[in-house]
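Have a look at the structure below, then the notes.
The values are calculated or read from the model by the stated rules, or taken from the named source; none is laboratory data. Every value quoted in this text rests on a predicted model; they were computed, and no experiment measured them. Neighbour counts run over all protein chains shown; Cβ positions are idealised from the backbone, glycine included.
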Amino acid sequence: MTVLNLDDPLFATYVIAATLMILKAVSMSWLTVIRMMQENGGFRSPEDIRKTPFNPAPSPAQLAPNDRVERIRRIQMNDLENLPYFLVAALIFVLAGPPLWLAQVLLYAYVVTRVLHFAAYLTAQTHDMRALLWTPGSLILIFITLWSLVAAIA
Amino acid sequence: MTVLNLDDPLFATYVIAATLMILKAVSMSWLTVIRMMQENGGFRSPEDIRKTPFNPAPSPAQLAPNDRVERIRRIQMNDLENLPYFLVAALIFVLAGPPLWLAQVLLYAYVVTRVLHFAAYLTAQTHDMRALLWTPGSLILIFITLWSLVAAIA
Amino acid sequence: MTVLNLDDPLFATYVIAATLMILKAVSMSWLTVIRMMQENGGFRSPEDIRKTPFNPAPSPAQLAPNDRVERIRRIQMNDLENLPYFLVAALIFVLAGPPLWLAQVLLYAYVVTRVLHFAAYLTAQTHDMRALLWTPGSLILIFITLWSLVAAIA
């Protein structure tokens, strides 16, 4: 039995991987904010072109999609399609009692591939490169989920 | 060690904050349903303009974006960009053994700022106001995540 | 107290339901990949129409929304609006110590309704049918969340 205690190396491995992924995800929100401020646009709601202290010279063009802002929103959407499932699957996985080395390899490799995928997406590398960097993370997610399922029904 | 038992006040604090946030998130789905029925539109799939008992007089205009429905979808999207990460980060945080008062202040403050953010978004307050109400929740999320990461690697 | 151990039938019930839902969600990503390859389009980023080994004859039409790809993206979005909340709510629910039969009925029924909802969406059944298959899952989610909240404050 894995004890949900930071002294347990399996649980500590989970906490390190999970918190790094959450920080990565939250930073997409802030990166969106930064780019909206830099571009003075890329807004989404009709009320965002009301005159305010932060938007002293509003214009309807501020509601048009902005390439630099939309790129971060696509990255954030890709996070949403992957990270919430990883965060739960990885918790279940460490509770299913895998070997420590296996948990460390898989969870930390997941973190690394997501950071590389982010770097490739941010700098507009090819679709092939993005696919190459997304695939191992998705396979790790499937593997740890199947492992836990088999452990639960065995 | 925090025991995952409702008699543990740290875990009970988590459960109260988490369930309130989940109920908030789920109610966005129902609010979308209600507004689609009120507006008789804001649908998304081509098959949604087939004639059915609930849609006896279909029209292609029902697939056009509807402002009142799209507002709820934007609020729901904002929830998705924040709540799943909070739900996992807050669980890890209470397992990392923070002082009870700190967990109560941070988790309940998070809930309050999300409800206020929702109220501001629903009533189309300014972008500045929305940003003001989103920021403390995001900072709380970053704080509890960093706290847990530091506790895991210390 | 529920022990987070696969020998505990409540926790095993959670793990089975949760892992099945995660596998379902992850397969939407792969189904999107498959359809983008079949359609040779439905891409989203400007760099996706660069010439690469996987895209030897790029064209701007590849960035246009593709019906078969967009359908999977809508299904994936519906998963996102539901599954992350279910995954956390169901974990909290089993920790709140419900009767085993109740947890089994509710969590497995949730899984079944989500699979049926997917089948209806994939085959473009009517909006009425989709609503009929979405509703019980959402009510189960609300029920298990309220149960946990009441257990925490009682």
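Residue-wise test of (1) free of Cβ contacts under 8 Å to residues at least 24 places away in the same chain; (2) surrounded by fewer than 19 Cβ atoms within 10 Å (Cβ to Cβ); (3) within 14 Å of chain C (Cβ to nearest Cβ).
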| site | (1), (2), (3) |
| --- | --- |
| B:I72 | no, no, yes |
| B:L87 | no, no, yes |
| B:L95 | no, no, yes |
| B:W101 | yes, yes, no |
| B:Q104 | no, yes, yes |
| B:H127 | yes, no, no |
| B:G137 | no, no, no |
| B:I140 | no, no, no |
| B:F143 | no, yes, no |
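Could you tell me whether any residue of segment C:22-30 is among the β-branched types (V, I, T), modelled with pLDDT under 95, surrounded by 19 or more Cβ atoms within 10 Å (Cβ to Cβ) and under 24 Å from C:L139 (Cβ atoms)? The answer is no, given that none of the residues of segment C:22-30 is among the β-branched types (V, I, T), modelled with pLDDT under 95, surrounded by 19 or more Cβ atoms within 10 Å (Cβ to Cβ) and under 24 Å from C:L139 (Cβ atoms).
Select from segment B:106-125 the residues that are of a type in the set (S, T, Y), free of Cβ contacts under 8 Å to residues at least 60 places away in the same chain and buried (at least 20 other Cβ atoms within 10 Å of the Cβ) and list them in ascending order.
Taking segment B:106-125 as the starting set, the residues that turn out to be of a type in the set (S, T, Y) are B:108, B:110, B:113, B:121, B:123.
Right, trim to free of Cβ contacts under 8 Å to residues at least 60 places away in the same chain and you get B:113, B:121, B:123.
If the condition is that a residue be of a type in the set (S, T, Y), free of Cβ contacts under 8 Å to residues at least 60 places away in the same chain and buried (at least 20 other Cβ atoms within 10 Å of the Cβ), then B:Y121 is the only one that fits.
Look at (1) part of a helix (DSSP H, G or I); (2) without any contact (Cβ under 8 Å) to a residue 12 or more places away in the chain; (3) over 18 Å from B:I153 (Cβ atoms); (4) of a type outside the set (S, T, Y) and you find that A:D79 fails only one, number (2). For C:N82, the criteria (1) among the polar types (S, T, N, Q); (2) crowded, with 20+ Cβ neighbours inside 10 Å; (3) away from chain A (no Cβ under 12 Å) hold in every case but one, which is (3).
Of all residues in segment B:99-146, count the ones that are assigned to a loop (DSSP other than H, G, I, E, B) and within 28 Å of B:D67 (Cβ to Cβ). Matching residues across segment B:99-146 total 4. For the criterion of being modelled with pLDDT under 95, at the interface with another protein chain (Cβ under 9 Å from one of its Cβ atoms) and in contact with a Leu (Cβ under 7 Å, 6 or more places away or on another chain), A:T19 fails.
Would you check if B:L122 is touching a Pro at 6+ places or on another chain (Cβ under 9 Å) and at pLDDT 95 or above? Criteria not met by B:L122. For segment B:22-52, the set of residues classified as at the interface with another protein chain (Cβ under 7 Å from one of its Cβ atoms) and without any contact (Cβ under 8 Å) to a residue 60 or more places away in the chain consists of B:L23, B:A25, B:V26, B:S29, B:F43, B:R44, B:S45, B:E47, B:D48, B:R50, B:T52, listed by residue number.
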